[in-house]
């Protein structure tokens, strides 16, 4: 049982639109830049506390917009990925990174196994349990929602929308078949990251392992600056998502039913 210090902050995970019946489950692992008080400020410089290193700006707002359009539940982390990255397994060094791009994280340096275990049990395990609970309600597809910085290690990224997948490319393939419907966008497969970068943990654990068609969306965060941007991007993504889901359903390739 957790002791009281672990209860000083709100829960590590939230479920939005829990009763959504649209057949899709959305996951937003990097929804928040919040650092629970028990970890101090991780030694971060003030300007890094709410930077892209700490969370995915715009990803939660986009998840909410997609949730409303698809009537889909969203499982969202309420803790910064610099405390624990819920898209990484506990054994990965990047689950509690000492450095993220140019950002040093002193509070993650030299963590003991006990300290790593505490974060795993209070942040990662509850998040995974919430996803598992929602999978039990019978969604037919899983979509994870992320954003990425336009400039990484000083290099400007041209990709605007990344459609990522691991060994199961069904949903990604279906979406990419309709990428031409958005000729003004730079849409690419497994960019700006891919499976070789260790970013498909959630897809494998929550999607592939349960037989659910799955995809990871990566949106460049300068396209998610305000609610108007978010709504525009949501509608653009839906022009790819909806026909891809319909094709899977017609092919009988959706996941298990409730």
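FYI, it's all coordinate maths here, none of it is from the lab. Being a predicted model, the structure only gives us computed values, none of them experimental. All Cβ positions, even for glycine, are placed from backbone atoms using ideal geometry, and neighbour counts span all protein chains on display.
Relative to the first principal axis of the alpha-carbon coordinates of the chain, what is the inclination of helix 227-250, with its axis defined by its Cα atoms, in degrees from 0 to 90 and to the nearest 10? With both axes taken from Cα atoms, the answer is about 60 degrees.
Taking neighbour counts of Cβ atoms within 10 Å as a proxy for exposure, in what order, fewest first, do 50, 201, 34 appear?
Working: 50 15, 201 21, 34 18.
Least to most surrounded, the residues fall as 50, 34, 201.
Helix 125-135 and the long axis of the chain differ in direction by around 20°, with both axes built from C-alpha atoms.
I want to verify the translational diffusion coefficient of region 7-79 in µm²/s; compute it with Stokes-Einstein, Rh as the Kirkwood radius over Cα pairs, at 37 °C and 0.692 mPa s. Don't skip to the answer; put the middle values down first.
Working: Rh = 13.2 Å.
D = 249 µm²/s.
Give me the percent relative contact order of region 50-97, please, defined on Cα pairs under 8 angstrom at least 6 residues apart.
Numbers: 32 pairs, mean separation 14.4, N = 48.
Relative contact order, region 50-97: 30 percent.
Using R0 = 35 Å, the C-beta based FRET efficiency linking residue 246 and residue 112 works out to 0.10.
For region 52-205, state the average projected area of the convex hull of the C-alpha atoms over all orientations, rounded to one decimal in nm².
Numbers: hull surface 39.8 nm².
Here the figure is 9.9 nm², rounded to one decimal.
If you take the square roots of the eigenvalues of the alpha-carbon gyration tensor of region 87-159 and sort them as a ≥ b ≥ c, do you get rounded (a/c under 1.5), prolate (a/b over b/c) or oblate?
Details: a/c = 3.88, a/b = 1.15, b/c = 3.38.
Oblate.
Panel note: the C-alpha atoms of region 139-235, placed on their principal axes, show extents of 35, 30, 24 Å (largest first).
Set the Förster radius R0 to 51 Å, insert the Cβ-Cβ distance between residue 125 and residue 155 as r into 1/(1 + (r/R0)^6), and round the FRET efficiency to 0.05.
Working: r = 36 Å, r/R0 = 0.70.
Here the calculated transfer efficiency is 0.90.
By the gyration tensor of its Cα atoms, with a ≥ b ≥ c the square roots of the eigenvalues, what is the shape of region 122-178: rounded for a/c under 1.5, prolate for a/b over b/c, or oblate? Judged from the Cα gyration tensor, region 122-178 comes out oblate (a/c at least 1.5, b/c at or above a/b). The sum of -39500 (n - 2.57) across all DSSP H runs of n ≥ 4, divided by the residue count of the chain, sets its helix-only mean residue ellipticity at 222 nm to -7500 deg cm²/dmol.
Between helix 59-70 and the chain, what is the angle of the helix's C-alpha long axis to the longest principal axis, kept within 0 to 90° and rounded to the nearest 10? With both axes taken from Cα atoms, the answer is about 30 degrees.
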